[in-house]
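One structure is given below, encoded as structure tokens.
FYI, it's all coordinate maths here, none of it is from the lab. Keep in mind it's a predicted model, so treat the numbers as computed, not measured. Cβ placement follows ideal geometry from the backbone for every residue including glycine, while neighbour counts extend to all protein chains displayed.
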Amino acid sequence: MVKNTFISVISQEESKGSVEFQVLSFTNKLKKVTSHLKLHKKDYLSQRGLQKTLGKRQRLLTYLSNKNKVRYKELIDQLDIRELKTR
């Protein structure tokens, strides 16, 4: 229930260029590709696309965590994403 509210809040308040909206769209895309790969295990092009999208989302989350920790924490809590590994 909370996730749906968060999605509607982001789409109404934030522009499509915001980091939160981009992470949300990448997360939705990742869920679709993951469900596709459960049926088509040998679809290597989709696997590569999944890895590229994961990398893009990872870079955006790193950027957000460096710029604003509070927004980062709220976003990963709402989208149920694991925290970044720190080096």
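Here the 3J(HN,Hα) profile of the stretch 46-56, calculated from phi with Karplus coefficients 6.51, -1.76 and 1.60 at θ = phi - 60°, is 5, 5, 5, x, 4, 5, 5, 5, 4, x, 5 Hz, Gly and Pro shown as x. Between V70 and S25, the FRET efficiency estimated from the beta carbon spacing at R0 = 25 angstrom works out to 0.70. Beyond 30 Å in Cα-Cα separation lie the following of the pairs K41/K69; K42/K73; K41/K67; K16/K85; K41/K73; K42/K69: K41/K69; K42/K73; K41/K67; K41/K73; K42/K69.
Just want to confirm a number: the relative contact order over the stretch 11-61, from Cα pairs under 8 angstrom separated by 6+ residues, in percent. Please list the in-between numbers first.
Numbers: 23 pairs, mean separation 20.6, N = 51.
Here the relative contact order equals 40 percent.
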